[in-house]
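Below: one structure, written as structure tokens.
The values are calculated or read from the model by the stated rules, or taken from the named source; none is laboratory data. Source: prediction; values computed, not measured. Cβ: placed from backbone, ideal geometry, glycine included. Neighbour counts: every protein chain shown.
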Amino acid sequence: MNILLVWATNSGTTQTVALMVKDALSAAGHSVTVKEARETTPEDFASPQAIIIGSPSWDFDGNEGFPHEDFLPLMEKVKTQTVAKPFAIFGLGDSSYRIYNGAVDHLEKFVGEVKGTLLVPSLRIDKFYSDEAGNTAKVNAWLEELKKKRAGMARGASERQELIQRFTDKINAERSGTKWKPATWGQVNGLVRHLKEQDLYWLFSQCEKSGSFSKKFFGVLKS
């Protein structure tokens, strides 16, 4: 699976955890792209199949418990989009502050605003280096749960990919010998990205029943 991992850090600890997450998921066979929040654009959210976000809690403009300031402009831009994908969130904080790990709350709200779904409960780490062994164990336990969820998602994603390929093949069979260029898997996937798998099966059956698979496909999506 292609995973985007976006992080920001104050002192380097969030980066340390981000690299732990990246190494564990890469070892499990996933392709993980790691980017700092300040270098991430809304377009980066388009291609990955899952997104992981890691941030410390930050005092912003006199308010406690915000994500790192590098996340704020990115979140504002992405909130204009629909990113209906699985997300996971980890946050590093300090329970001696009035608002503990508040960044996680803001990031969970952001995921809801872009129509994303949390794969697992968010990970909240308290003063990482005050109990490095214990907190590393918490990270590893969270990663194990995440990998289990990803394995299930991977099976579902594979079935979805095959179904989208069937749509693509049907459309291109009708376009053969016409003025229309062949459709690509990516183009078809972009058109149906908002549909649940059960809705894709319904759409495929409706297209097959019609006189023109392509006409029905594009007609339903435009309606």
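Condition test on GLU159, is it of a type in the set (Asp, Glu), modelled with pLDDT of 90 or more and in a helix (DSSP H, G or I)? No: the conditions fail for GLU159. Apart from one condition, VAL83 fits all of (1) within 15 Å of LEU107 (Cβ to Cβ); (2) assigned to a loop (DSSP other than H, G, I, E, B); (3) touching a strand residue (DSSP E or B) at 6+ places or on another chain (Cβ under 6 Å); the exception is (3).
Does GLY186 satisfy the criteria of being closer than 23 Å to ALA28 by Cβ and modelled with pLDDT under 90? No, not satisfied. Filtering LEU25, LEU107 for residues that are over 20 Å from LYS147 (Cβ atoms), of a type outside the set (S, T, N, Q) and not assigned by TED's automatic domain parsing to the domain that holds HIS194 leaves a single hit, LEU107. The test for being at pLDDT 90 or above, in the same structural domain as ASN10 (by TED's automatic domain parsing) and buried (at least 16 other Cβ atoms within 10 Å of the Cβ) holds for ASN135. When only residues in the range 21-71 that are of a type in the set (Phe, Trp, Tyr) and in a strand (DSSP E or B) count, which is farthest from ALA88 (Cα to Cα)? Filtering first and then ranking leaves PHE60.
Taking the criterion of being farther than 14 Å from HIS68 by Cα, exposed (fewer than 15 other Cβ atoms within 10 Å of the Cβ) and of a type outside the set (A, V, I, L, M, F, W, C), the residues of the range 1-32 that qualify are ASN2, ASP23, SER26, GLY29, SER31.
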